[in-house]
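Read the structure below first, then the notes.
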Amino acid sequence: MRQEYFRIKDICRKGLIKYLEQACSNLPVPENPTILDIGCGTGVPTCWMAEYFSGSVTAIDTERSSLTFFQEKINSTDFLNNIKILNISFFDLKAGQNSFDVVLAEGFLNIVGFETGFEKVVEFLKPDGYFIIHDEFKDHDAKIQFIQANKCRLVNTLYLNETIWWNDYYKALDSSIKEITDNELAGQFSRDVKEIEYYKVDPSQFRSIYYAVQKSKP
C-alpha cells in the first residue's frame, strides 16, 4: 500500500521537474560530476540530476520507506550504477571537504535553518562547484546577502509562485487522491489532504525559489 502511495506522489512530483531544469540550465558543470542530493525522498529530482549531468549521485534521506521505494525503482534501470542511496542525516554524512561538484537541497535549508545549513553544505562543495537550493520564498534579500558574504556567487534565481504550485503539483495530486476508492490507500494521503486544504486557505504561503550558487575559489 505504501508503494502505491509513493508511486502516485512520484507521478505528481514530476510536474515540477521542469523548474529544476530551468534552475540548472547553463551551469558549466564538469564532465562526470560528483553530485549530492540532500533529502532525496523517492528520488524524482535525483534521477533527473543523474541523467541531466551524466554524473554519479549520492542521495541521502532519513525516511527509510521512501528510500526503499527509491531503491526498488532504480534496481532495473540504467541509474543503478550511478546513484548511491544512503539512509542517513546530512549531519552524519561521512564525506570530506570539497567532495562534490554539485549539491542539490530541496527544502533542506527550510528545515535546518538557511544559514546553518548553507555553511555546512558549502564545506562539502568543491571550489567553483554549484549549490542548487530550493527554499521557501522568505527573507529573500537577507539570503542573497548571506550567500555573497560566504564566499559564494549567486548565479541564478527562479521564483515559483503559488499558481505554479497548484497547476503543476497540487492540482494533479488533489485529483489523484479523489479518484482513490480503497480506504486504506486513501488514508495514506491524510497529510497531503491537509496540505492541499491549507493551500486553498492561504496560497501565498506556498511561494518558493531556486537559488543557483557557485562556490568561489580560495
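Laboratory data are not the source of any read-out in this text; all were calculated from the coordinates shown. All figures in this text were calculated on a predicted structure; none of them were measured in a lab. So basically every Cβ, Gly included, is an ideal-geometry build from the backbone, and we count neighbours across all protein chains shown.
Data overview
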{"quantity": "Flag for Phe118 being of a type outside the set (Val, Ile, Thr), assigned to a helix (DSSP H, G or I) and over 19 Å from the mean Cα position of the chain (by Cα)", "calculated": "no"}
{"quantity": "In the range 1-60, the residues that are in a loop (DSSP other than H, G, I, E, B) and acidic (Asp, Glu)", "calculated": "Glu31"}
{"quantity": "Residue count for the range 118-135, restricted to those that are within 23 Å of Ile17 (Cα to Cα) and either among the β-branched types (Val, Ile, Thr) or without any contact (Cβ under 8 Å) to a residue 40 or more places away in the chain (or both)", "calculated": "4"}
{"quantity": "Among (1) touching a residue at least 60 places away in the same chain (Cβ under 8 Å); (2) of a type in the set (Val, Ile, Thr); (3) closer than 28 Å to Asn161 by Cβ; (4) touching a Ser or Thr at 6+ places or on another chain (Cβ under 8 Å) - the single one Thr34 does not satisfy", "calculated": "(3)"}
{"quantity": "Test: residue in the range 80-97 that is polar (S, T, N, Q), assigned to a loop (DSSP other than H, G, I, E, B), touching a residue at least 24 places away in the same chain (Cβ under 8 Å) and touching a Leu at 6+ places or on another chain (Cβ under 7 Å)", "calculated": "yes"}
{"quantity": "Yes/no for Ser99 being of a type outside the set (Val, Ile, Thr), in contact with a helix residue (DSSP H, G or I) (Cβ under 7 Å, 6 or more places away or on another chain), closer than 23 Å to Phe53 by Cβ and surrounded by fewer than 21 Cβ atoms within 10 Å (Cβ to Cβ)", "calculated": "yes"}
{"quantity": "The range 149-191, residues that are within 28 Å of Thr116 (Cα to Cα) and either part of a helix (DSSP H, G or I) or among the aromatic types (Phe, Trp, Tyr) (or both)", "calculated": "Ala149, Tyr159, Glu162, Trp165, Arg191"}
{"quantity": "Those residues of the range 154-175 which are surrounded by 13 or more Cβ atoms within 10 Å (Cβ to Cβ) and within 18 Å of Ala212 (Cα to Cα), in sequence order", "calculated": "Leu154, Val155, Asn156, Thr157, Leu158, Leu160, Asn161"}
{"quantity": "So Thr116, is it farther than 22 Å from Gly15 by Cα, among the polar types (S, T, N, Q) and either surrounded by fewer than 20 Cβ atoms within 10 Å (Cβ to Cβ) or out of contact with any Pro (no Cβ under 8 Å at 6 or more places or on another chain) (or both)", "calculated": "yes"}
